[in-house]
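S.K.: Quick one: the structure is below, and I'll ask about it shortly.
The values are calculated or read from the model by the stated rules, or taken from the named source; none is laboratory data. Bear in mind that the values here come from a model prediction, so they are computed numbers and not experimental data. Note that we place each Cβ from the backbone using ideal geometry, even for glycine, and neighbour counts take in every protein chain shown. We work out accessible area using only protein heavy atoms, side chains counted, and drop any ligands, DNA or RNA first. Shrake-Rupley method; radii C 1.70, N 1.55, O 1.52, S 1.80 Å.
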Amino acid sequence: MNIRHPAVAGRFYDKSPTQLKTQLEAWLLPVQSSENPPLVNTLSDKLAPSHIPSAGTIRALIVPHAGYVYSGHVAAQAYQALRDAADTIKHVILIGPSHRYFFQGCALPTAEQFSTPLGNVTLNTQTIATLSEIEDFELSEQAHALEHSLEVQLPFLQTVLNDFSLLPILTSNVSPAKLAKLIDPLWQSDDTLLVVSSDLSHFHPYHKAQRIDRNTCHLIEHFEPALTPEQACGSTGINTLLLLAKQRGYQLTRLALNNSGDTAGDKEKVVGYVSYLISNTE
């Protein structure tokens, strides 16, 4: 069995299964307790509805991928909404940016399973094999080996879902329009969830970052697939999702927006984080 072992356990999130599970379960509680107050500053109530859609099926998430001490609470607010779909969602397409390697197209793993302190996640090897025959996809153990953008999502998925298979895709030099055409037929059934992993702006002073991230959210919330890597490191994945969501008439709800200056960092150079739910309107 070819298994990708965790690269950032103990750095981005706790390597102890017990402590990791305890942390995640606390964040994923439906109601915040007084001992675990929200760390979220939505910045703009007008553009940031705090409710979870009462109708429709959740089809996708946009979630951050920093260390849990920085962005875990923001990500958890989106994952919390999946609790009711734990038995429904059987497949997850996970898209994130490659931080260490530049390549043409997208990279798929050679592994059969991804491991975390909470156990192993089975990959959709049949779909991976099919996609690897397409020009814009390549198999790359190297690209996936140390990448954190996908790995940090796995403990959340393992906690809120039951049995599911994973299709992990790292993006580099590929157009959102091309990727959208490739993802579209894979993301049809309600039992398939699309998760896009992305942080927002990087290393600006606190108030400048707030302005940049507000503008980025304005584009997202108007389904404008024009984000740049400077606005969001996972801009390719977000733009891909926006193209498909607009085409399908999906609803988008922002749950949380803040930056590292609100959580565990200083305010000199901050990184922005946002979480969204994307649902159909049935």
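S.K.: Give the relative contact order (percent, whole number) for the chain; include only Cα pairs under 8 Å separated by 6+ residues.
M.R.: 30
S.K.: Given a Förster distance of 22 angstrom, what is the FRET efficiency for ASN2 paired with SER165, based on the Cβ-Cβ distance and rounded to 0.05? Let's see the in-between values first.
M.R.: Working: r = 15 Å, r/R0 = 0.70.
Using R0 = 22 Å, I get an efficiency of 0.90.
S.K.: Restricting to the range 71-178, compute how many DSSP beta bridges are antiparallel as a %, nearest 5.
M.R.: The antiparallel fraction comes to roughly 30 percent.
S.K.: Please report how far the C-alpha centroid of the range 228-253 lies from that of the range 61-106, rounded to the nearest whole angstrom.
M.R.: Centre-to-centre (Cα) distance: 14 Å.
S.K.: Taking a probe of 1.4 Å, how large is the accessible area per residue of the chain, in Å²?
M.R.: Details: 12220 Å² over 282 residues.
Result: 43 Å² per residue.
S.K.: Calculate the spin-label point distance for THR127 paired with ARG100, positioning each point 7 Å from the Cα along the beta-carbon direction, and give it in nanometres.
M.R.: 2.5
S.K.: Let me ask you something else. Carbon and sulfur together cover what percent of the accessible area of the range 169-256 at a 1.4 Å probe radius?
M.R.: Of the solvent-accessible surface of the range 169-256, carbon and sulfur hold 53 percent.
S.K.: Right, here's the next one. Quick one: work out Rg over Rh on the C-alpha atoms of the chain, Rh as Kirkwood radius.
M.R.: Here Rg/Rh amounts to 0.93.
S.K.: Now for a different question. Among DSSP bridges having both ends in the chain, what percentage is antiparallel? Round to the nearest 5.
M.R.: 45
S.K.: R0 = 41 Å: FRET efficiency of THR57 with HIS207, Cβ-based, nearest 0.05?
M.R.: 0.60
S.K.: May I pose another question? Hey, for a label at GLU25 modelled as a point 7 Å past Cα toward Cβ, could you say which residues of the range 112-129 have their backbone N under 16 Å away?
M.R.: Residues 118-119 qualify, since their backbone N sits under 16 Å from the label point.
S.K.: Past 27 Å, Cα to Cα: identify those pairs from LYS178/LYS208; LYS90/LYS246; LYS246/LYS267; LYS178/LYS246, in the order given.
M.R.: LYS178/LYS208; LYS246/LYS267
S.K.: Shifting gears a bit: Full extension from ARG11 to GLU268: what is 0.36 nm times the residue separation minus their Cα-Cα distance, to one decimal in nm?
M.R.: So the extension gain works out to 90.3 nm.
S.K.: Let me ask you something else. Can you give me the orientation-averaged projected area of the convex hull built on the Cα atoms of the range 88-183, in nm²? Walk me through the numbers before you get to the answer.
M.R.: On the way: hull surface 23.9 nm².
The Cα convex hull of the range 88-183, projected and averaged over all directions, gives 6.0 nm².
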